[in-house]
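Note sheet for the following structure.
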Amino acid sequence: MPVKKNFKIDWSSTMDKIREQTQKKGGNSYKDERIYYPEFNDNGTAQAIIRFLPSKDTDIPFVSVYSHSVKGPGGYYIENCPTTFKKECPVCKANSAIWDSDPDTARSRKRKQHYYSNVLVIKDPANPENEGKVFIYKYGKKVHDKIMEKINPGEDSINEPLMVFDYYEGADFKLILKKVKVGTVEMPNYDSCYFDDKPSAIGTDDEIEKIDNSLYGLSEFISEENFKSYDELENRFNRVLGVNGPTPSINSTSKKDPVQRKAPTVNEEPTKVDEDEVFAGSDDEFFKELQTEDEE
């Protein structure tokens, strides 16, 4: 009789790496079918039940990526930020140069952090064909904070750590999104999302083995070779700002310049835009193109 595999995971060393990463916190146009997005209904809500899963090829069960979303007279700059792996970024450099003179512009162009994890879709009323399948879920600060509150509640908390990524002792996540107005733009709000309080096994050993074999690699999202070079990013950023030469600093910013308008906080975008692609339309269309997470 074949020996059953044991998928029990020792999370002690993984938690050390998660805490270490937390303490350090300070272009394709196609749709990636691996990425999971819950679908909104006509009432402006989206609901699903998902289960966070371990990673196939990274030390911790999620990866963190920084990005910038900037609109200017020359189009849109939607690119990952090289500070993801501690390299210099032309947008961050330009923001630093104007911070004292124009903090509103610097804030509107600041880097945003998002995360990738494997998830199993347990229930998806809008798209039941997704149920039982493994996807990559892209999420922002609010969801990440909810994860950290469970797995690392803190010494003063009365709650025991809940390893939400564990096959046997994890917990379902109730994904409940509601569209809210931020200025003139509708954005999804994640306040109503929550984890089940009690841990539960995700399935039988046979079912867990099937899930484990379906995990996606996450390391590609933080691989330097998949990021554009500094010169490519600087050239693109300059074109978006409508200038030639080095990335503009203090003297090149003007309150009348369209890029100076303070934008809603943006955490996520569903797809990256091709370097030469420029959206036509209003600010609303631009921000609707981005999968965002309300931080208010």
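Every number in this text was worked out from the coordinates using simple rules, so none of it is lab data. Here the structure is a predicted model, which is why all the values come from computation and not from measurement. Don't worry about glycine lacking a Cβ; one is built from the backbone with ideal geometry, like all the others, and counts go over all protein chains shown.
Numbers at a glance
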quantity	calculated
Kirkwood Rh (inverse of mean 1/r, distinct Cα pairs), segment 90-213, angstrom	17.5
Calculated FRET value between residue 101 and residue 244, using beta carbons and R₀ = 25 Å, to 0.05	0.70
Flagged links, alpha-carbon separation over 21 Å, of 8/150; 112/138; 142/174; 146/228; 174/210	146/228; 174/210
163, 15 arranged by Cβ crowding within 10 Å, fewest neighbours leading	15, 163
